[in-house]
Amino acid sequence: MRESALREYRKEKNLKLYRASSSLEAEGYMKYTRIEELIRLARKLGWKKLGIAFCVGFSEEAKKLQELLESKGFDVHSVVCKVGGFEKEQFSIPTMGKGDHACNPILQAMVLNQAKTELNIILGLCLGHDILFQAYSEAPTTTLVVKDRVLAHNPIGAIYSRYHFEKLKER
């Protein structure tokens, strides 16, 4: 399997991304934030058109991220999870109350595909919705924020906190 993986790295698109990300790691180790790494990687690869797929609960963060990326010269397209909203009952999905519209990660991907984005950024999509988005995104995708409503969007906190870790083992 190792040789098979090495052959995959030698493919032009993989080699270009792997070299760029590895050189970025070396130059920015313990120096760049994740957002700085994202900007630098996009520049190294010549990606100018970026997409943001975001949860409605991250609207303010998406707006700020888009402003920042545009100030750095990127053409940014963003799309909220509730795009093309439909009622959850249509797919027998439990609701949290009247007017609770379903998220639409497949349409989010389709909108960014139509915009021909070169890199898509996930900002707080629900677990499962992020998987659907990635499955339908034609552009490579990176996750900037993982949603975790209990741990302030820091899911690894459940491993770092003895209290949460023990609770997880009991459940």
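The values are calculated or read from the model by the stated rules, or taken from the named source; none is laboratory data. Quick caveat, the model's predicted, so the values are computed rather than measured. Neighbour counts are summed over all protein chains in view; Cβ atoms, including those assigned to glycine, are modelled from backbone coordinates with ideal geometry.
Regarding LYS64, is this residue closer than 18 Å to THR142 by Cα and surrounded by fewer than 12 Cβ atoms within 10 Å (Cβ to Cβ)? It is true that LYS64 is closer than 18 Å to THR142 by Cα and surrounded by fewer than 12 Cβ atoms within 10 Å (Cβ to Cβ).
Report every pair of residues separated by at least 6 positions or lying on different chains whose Cβ atoms are under 7 Å apart, first residue within the stretch 61-75 and within 13 Å of ALA42 (Cα to Cα), second assigned to a helix (DSSP H, G or I) and modelled with pLDDT of 95 or more. Short answer, once both residue conditions are applied: LYS72/ILE39; PHE74/ALA42. Scanning for something in a loop (DSSP other than H, G, I, E, B) and either touching a Phe, Trp or Tyr at 6+ places or on another chain (Cβ under 7 Å) or not hydroxyl-bearing (Ser, Thr, Tyr) (or both), does the stretch 1-9 turn up at least one residue? Yes, the stretch 1-9 contains a residue that is in a loop (DSSP other than H, G, I, E, B) and either touching a Phe, Trp or Tyr at 6+ places or on another chain (Cβ under 7 Å) or not hydroxyl-bearing (Ser, Thr, Tyr) (or both).
Yes/no matrix, rows are residues, columns are (1) of a type in the set (A, V, I, L, M); (2) in contact with an Asp or Glu (Cβ under 7 Å, 6 or more places away or on another chain):
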site	(1), (2)
MET1	yes, no
LEU6	yes, no
ALA26	yes, no
LEU38	yes, no
LYS49	no, yes
ALA62	yes, no
GLN66	no, no
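In the set (1) touching a residue at least 60 places away in the same chain (Cβ under 8 Å); (2) surrounded by 15 or more Cβ atoms within 10 Å (Cβ to Cβ); (3) within 14 Å of THR142 (Cβ to Cβ), the condition left unmet by ILE35 is number (2). Is it the case, given these coordinates, that SER21 is in a helix (DSSP H, G or I), closer than 27 Å to VAL79 by Cα and not hydrophobic (A, V, I, L, M, F, W, C)? Against the criterion (in a helix (DSSP H, G or I), closer than 27 Å to VAL79 by Cα and not hydrophobic (A, V, I, L, M, F, W, C)), SER21 qualifies.
With a requirement of 2 or more residues that are touching a helix residue (DSSP H, G or I) at 6+ places or on another chain (Cβ under 9 Å) and either modelled with pLDDT of 95 or more or crowded, with 16+ Cβ neighbours inside 10 Å (or both), the helices (runs of 4 or more DSSP H) lying completely within the stretch 78-171 that satisfy it span 105-114, 129-136.
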